[in-house]
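Read the structure below first, then the notes.
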Amino acid sequence: MSQKHLKEAFISNLNGTSLLEISLGLSLAPLCLLCRGLLLILYYLHYGKPLSSRKYSLLLDFLVLVSPLVFSCTVLSPIIFFMPSIIAAFCAGIFSKIYSQRKHETRVPFRQIVQEFQKTYLDPEYIPAITVFRVYVNVLTSISILAVDFPQYPRRYAKAETYGTGVMDLGVGAYIFGNALVCPEVRQKSYVMQSKFSSLARQFFSIWPLIFLGVGRLLSVKSIEYHEHTSEYGVHWNFFFTLAFVRLAASLLLAIFPKNKSWIIAINLAVLYQLILNTTSLKMFILHGSNGRDSRVGFLNANREGLLSLFGYLAIYMASVQVGLCLLKCRNSVKGWVEAARFLLLTALVLFLFLHVSQVHADLVSRRMANLSYCIWVLAHCLTFFTWFVVTDLMLVFTKLLVKGSSVPCCWNVVKPPNTGTKHGTEAVPTGKEGKLARICLISAINKNQLLFFLLANVMTGTVNILIDTIHSKTAFTLCILHLYMFFNCLIMYILHAKNIVLKFW
């Protein structure tokens with residue numbers, strides 16, 4: 001077999017992993033974020049100032065926020081079930097040290113601190129969990145798209161062939177979920193001074209970079225005969241095209257129907273699509289082609305997975321729009337966000353129950369078809385993942401109250417109550433040059449240029465695969481390559497952020 005066919009076989013015919021392993025794996029990113037925040041607060045407690053060195057900030061962010069994820073999906077994957085407990089214990093140790101030193105200085109009873117925390121008001125203009133969720137989906141995707149070509153990446157984490165729940169199967173849906181949370185229809189409070197269809201026209205124009213990137217990927221992959229998993233999207237289709245057409249179709253639907261009813265549209269789309277799969281020959285067509293022998297003759301046959309899975313991804317997008325609208329309701333207090341986190345977790349639990357029913361009575365989870373079970377599975381895990389970030393932010397806010405003046409980048413700012421007459425009087429944010437330096441972090445850097453980060457990761461992945469025989473790489477070499485690859489991508493984003501450069505021209 002040629003190198004191209006070897007790599008294609010290496011990522012084909014897989015069956016995914018268990019829901020429990022994915023759930024435990026998703027808890028690692030919030031725990032890493034909590035660990036980074038606690039370390040910064042501990043640094044402030046010891047030195048009386050935030051970590052101001054950009055060089056050390058980048059190093060800390062990479063070692064705590066990114067590196068553990070690289071290890072967890074390679075050499076530490078056999079003990080993935082113990083990893084959350086280990087990191088949580090480390091975080092508990094740091095918090096204990098912060099609390100003991102703070103308590104020694106002020107002698108404030110713990111109950112009083114809890115009462116103050118419950119009455120705390122948060123900056124309503126910024127929900128850090130949304131930013132962190134979207135950034136981490138990008139980071140995890142970037143790690144996986146290269147790591148999957150190395151033998152140290154467990155095959156159960158890769159995309160399943162037809163049925164199954166691989167980590168990378170979730171990543172595709174999570175990308176759709178994250179985009180919908182910040183789509184214009186969610187962020188736009190009203191259609192004053194413009195019609196819905198003029199807004200739709202702008203959306204149509206805004207997707208051209210995705211079309212351009214999709215065409216660029218298609219031409220580059222075909223020209224260099226790069227290995228590709230045909231049953232993933234088809235012969236010519238790719239994820240950039242899926243993102244573009246889902247966004248355009250969603251904008252059209254939201255221009256016709258009220259956006260606060262998007263969850264109804266999502267349910268109808270997913271259920272109707274599943275009914276058609278079960279009652280017609282559409283499922284057999286997707287899986288085996290028009291002739292039953294995996295025919296790829298004709299555009300529809302060649303790209304049937306990418307084209308027909310649009311219905312499922314569109315349903316995920318519409319449901320996620322409803323989540324975004326729910327999150328943007330005015331919740332400016334700790335108590336309000338605790339209730340929101342409780343509601344999100346309850347919703348996720350209900351969705352997991354529906355997932356069980358769907359898999360028993362409708363069909364198993366299939367990313368290839370983006371069927372009803374897949375849509376429910378993605379939404380359930382994304383809501384859980386997002387809720388962990390909300391809980392993490394609340395824990396960091398509580399810890400910041402213990403150490404007055406401390407700050408954590410990409411975390412909620414504490415503001416004065418609305419009745420004080422101060423619009424946004426932040427209490428725990430450094431000012432001046434020191435504050436500006438403290439706000440520069442890897443998360444905000446990636447967030448500023450997310451599409452560029454994703455594109456750079458794709459280009460670097462292709463470059464590494466062309467230059468290196470990934471399938472036969474040793475463990476030490478694999479870890480070195482993955483860390484260099486991620487550090488280079490992060491460094492580029494960090495430099496652009498430090499210079500306040502946003503490469504967005506559409």
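Only one of ILE94, ILE41, ILE87 is open to solvent by less than 30 Å² (accessible area, probe 1.4 Å), assigned to a helix (DSSP H, G or I) and touching a residue at least 60 places away in the same chain (Cβ under 8 Å). Can you tell me which? It is ILE41. Do you know which of the residues in segment 292-327 that are closer than 25 Å to GLU185 by Cα and among the β-branched types (Val, Ile, Thr) is surrounded by the most Cβ atoms within 10 Å (Cβ to Cβ)? The residue in question is ILE316. Restricting attention to segment 281-301, the residues being touching a residue at least 12 places away in the same chain (Cβ under 8 Å) and closer than 22 Å to TYR163 by Cβ number 8.
Of the residues examined, GLY324 is not one that is outside any helix (DSSP H, G or I), touching a residue at least 12 places away in the same chain (Cβ under 8 Å) and touching a helix residue (DSSP H, G or I) at 6+ places or on another chain (Cβ under 8 Å). Can you tell me which residue within segment 143-167, out of those that are open to solvent by 30 Å² or more (accessible area, probe 1.4 Å) and assigned to a helix (DSSP H, G or I), is farthest from LEU379 (Cα to Cα)? Among them, the one singled out is ARG155.
If we scan segment 269-284, do we find a residue that is at pLDDT 90 or above and touching a Lys or Arg at 6+ places or on another chain (Cβ under 8 Å)? Lay out the reasoning, then the answer.
Initially, segment 269-284 is screened for residues at pLDDT 90 or above, giving 269-284.
Within this subset, residues satisfying the condition of being touching a Lys or Arg at 6+ places or on another chain (Cβ under 8 Å) are 277.
Yes, there is a match, as at least one residue in segment 269-284 is at pLDDT 90 or above and touching a Lys or Arg at 6+ places or on another chain (Cβ under 8 Å).
The combined condition, being of a type outside the set (A, V, I, L, M, F, W, C), in contact with a strand residue (DSSP E or B) (Cβ under 6 Å, 6 or more places away or on another chain) and in contact (Cβ under 8 Å) with a residue 24 or more places away in the chain, is not fulfilled by TYR163.
Here is a check on your reading of the model: is ALA129 open to solvent by less than 20 Å² (accessible area, probe 1.4 Å), within 20 Å of LEU20 (Cα to Cα), touching an Asp or Glu at 6+ places or on another chain (Cβ under 9 Å) and of a type outside the set (S, T, N, Q)? Before you say what the answer is, go through the steps one by one.
Details: open to solvent by less than 20 Å² (accessible area, probe 1.4 Å): yes; within 20 Å of LEU20 (Cα to Cα): no; touching an Asp or Glu at 6+ places or on another chain (Cβ under 9 Å): yes; of a type outside the set (S, T, N, Q): yes.
Considered against the rule, which asks whether it is open to solvent by less than 20 Å² (accessible area, probe 1.4 Å), within 20 Å of LEU20 (Cα to Cα), touching an Asp or Glu at 6+ places or on another chain (Cβ under 9 Å) and of a type outside the set (S, T, N, Q), ALA129 comes out as no.
Just give me the residues in segment 214-252 being more than 23 Å from ALA158 (Cβ to Cβ), surrounded by fewer than 21 Cβ atoms within 10 Å (Cβ to Cβ) and at pLDDT 90 or above, in sequence order. Of everything in segment 214-252, those that are more than 23 Å from ALA158 (Cβ to Cβ), surrounded by fewer than 21 Cβ atoms within 10 Å (Cβ to Cβ) and at pLDDT 90 or above turn out to be VAL215, GLY216, LEU219, ALA244, PHE245, LEU248, ALA249, LEU252. Collect the residues in segment 253-280 that are over 19 Å from LEU327 (Cβ atoms), open to solvent by less than 20 Å² (accessible area, probe 1.4 Å) and either in contact with an Asp or Glu (Cβ under 9 Å, 6 or more places away or on another chain) or without any contact (Cβ under 8 Å) to a residue 60 or more places away in the chain (or both), keeping them in residue-number order. The answer is ALA255, GLN274, LEU277. Exactly one residue among PHE81, PHE62 is touching a His at 6+ places or on another chain (Cβ under 9 Å) and either in contact (Cβ under 8 Å) with a residue 60 or more places away in the chain or outside any helix (DSSP H, G or I) (or both), and that residue is PHE62. Exactly one residue among VAL390, VAL403 is modelled with pLDDT of 95 or more, more than 28 Å from LEU503 (Cβ to Cβ) and surrounded by 14 or more Cβ atoms within 10 Å (Cβ to Cβ), and that residue is VAL390. When restricted to residues that are loosely packed, with under 13 Cβ neighbours inside 10 Å and either more than 25 Å from the chain's Cα centre (by Cα) or assigned to a loop (DSSP other than H, G, I, E, B) (or both), segment 10-29 contains 2.
The values are calculated or read from the model by the stated rules, or taken from the named source; none is laboratory data. Predicted model, so just to flag it, every value in this text is computed and none were measured. Every residue, glycine among them, receives a Cβ derived from its backbone with ideal geometry; neighbour counts consider all protein chains shown. For the accessible areas, the whole protein counts, side chains as well, though only heavy atoms, and no ligand, DNA or RNA atoms are used. Shrake-Rupley method; radii C 1.70, N 1.55, O 1.52, S 1.80 Å.
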